[in-house]
Structure formats: C-alpha cells, structure tokens
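*Asks:* What follows is a structure written as structure tokens; I'll ask about it next.
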Amino acid sequence: MFRRCERRYGLYNFHFTRLDVAIDDKNEKPFFTLEQIKKKCEKEEFIANSEGYHFDESKFDDFDTAKTGYIGAGKSGLFYRFYDKDKEVCLKYNKTLDEVGSWKRTEM
C-alpha cells in the first residue's frame, strides 16, 4: 500500500495520520465475547493509554441487542473497539444470524 501511494503521489507528497487494524473472529464459538471483555474491564484487567472504557448496546431485534465495547480514548495513540460484526451485517444486508454466522471484530 505504501509503495502504491509512493508511485501515485511521489515519495514525499502523502502523509499517513493513522493505521487501523481489524481482527475478525469468525469461529463458531468466539475466542472471547463482549460480555467477557466487559468483565475484564470491570476488573481492570487491561492495558491502555487511558483508563477509560465504556460499552454501548443498540437494539438488534425484539429479543437481543448488538454490543460495542471501547477501551482507551479516541484521541489517544491506541484505542480498541470490540463489536458484534455479525449483527451489523445482518441489519445492513437484511440477513439472519444463521446466514451470516458468528463474527466478532476487534479494531485497534
């Protein structure tokens, strides 16, 4: 990717301000769940540039919610976001969880 930018814009004519990394867990049984991450945060079992964390829930269907967890501050050098990617895809493309399968995402 860096070489492509260099060829397109020249060696010193572009600037990267950040790099986002996404890790997808598509295991039938996820490596960890948002509930497990929340418990770790409540016990302060994490390392971040900021002590802050919070969790949000949004309505997924009549019986369930989609959860998102944040560790660190958005303006800090390192920020984590964990969420139910499977539910996001279901809502966006009008699919069922069975069609999409388990999909948890970690973004850094």
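*Asks:* What pairs come up if the first residue lies in segment 51-62 and is more than 22 Å from ASN94 (Cα to Cα), the second is loosely packed, with under 11 Cβ neighbours inside 10 Å and modelled with pLDDT of 85 or more, and their beta carbons are under 6 Å apart, counting only those six or more places apart or on different chains?
*Replies:* Matching pairs, first to second residue: none at all.
*Asks:* Of all residues being at pLDDT 90 or above and among the aliphatic types (A, V, I, L, M) in segment 72-107, which is nearest to LEU19 (Cα to Cα)? Just the residue, please.
*Replies:* Across segment 72-107, the extreme among qualifying residues is VAL89.
*Asks:* Tally time: how many residues in segment 1-23 are closer than 30 Å to TYR83 by Cα, modelled with pLDDT under 85 and either part of a loop (DSSP other than H, G, I, E, B) or of a type in the set (A, V, I, L, M) (or both)?
*Replies:* The number of residues fulfilling the criteria is 6.
*Asks:* Let me ask another. Restricting the search to segment 58-106, which residues are touching a strand residue (DSSP E or B) at 6+ places or on another chain (Cβ under 8 Å), surrounded by 12 or more Cβ atoms within 10 Å (Cβ to Cβ) and of a type in the set (D, E, K, R)?
*Replies:* Matches in segment 58-106: LYS67, ARG81, ASP84, LYS85, ASP86, LYS87, GLU88, LYS104, ARG105.
*Asks:* Restricting to segment 63-99, count the residues that are over 25 Å from GLU28 (Cβ atoms) and free of Cβ contacts under 8 Å to residues at least 12 places away in the same chain.
*Replies:* Selection size over segment 63-99: 2.
*Asks:* Okay, moving on. Can we say LYS26 is surrounded by fewer than 16 Cβ atoms within 10 Å (Cβ to Cβ), farther than 30 Å from CYS5 by Cα and over 16 Å from the mean Cα position of the chain (by Cα)? I'd like the intermediate steps shown before the answer.
*Replies:* On the way: surrounded by fewer than 16 Cβ atoms within 10 Å (Cβ to Cβ): yes; farther than 30 Å from CYS5 by Cα: yes; over 16 Å from the mean Cα position of the chain (by Cα): no.
Answer is no for this residue.
The values are calculated or read from the model by the stated rules, or taken from the named source; none is laboratory data. This structure is a prediction, so every number in the text was calculated from the model and none was measured. No Cβ is skipped: glycine too gets one built from the backbone with ideal geometry, and neighbour counts run over all protein chains shown.
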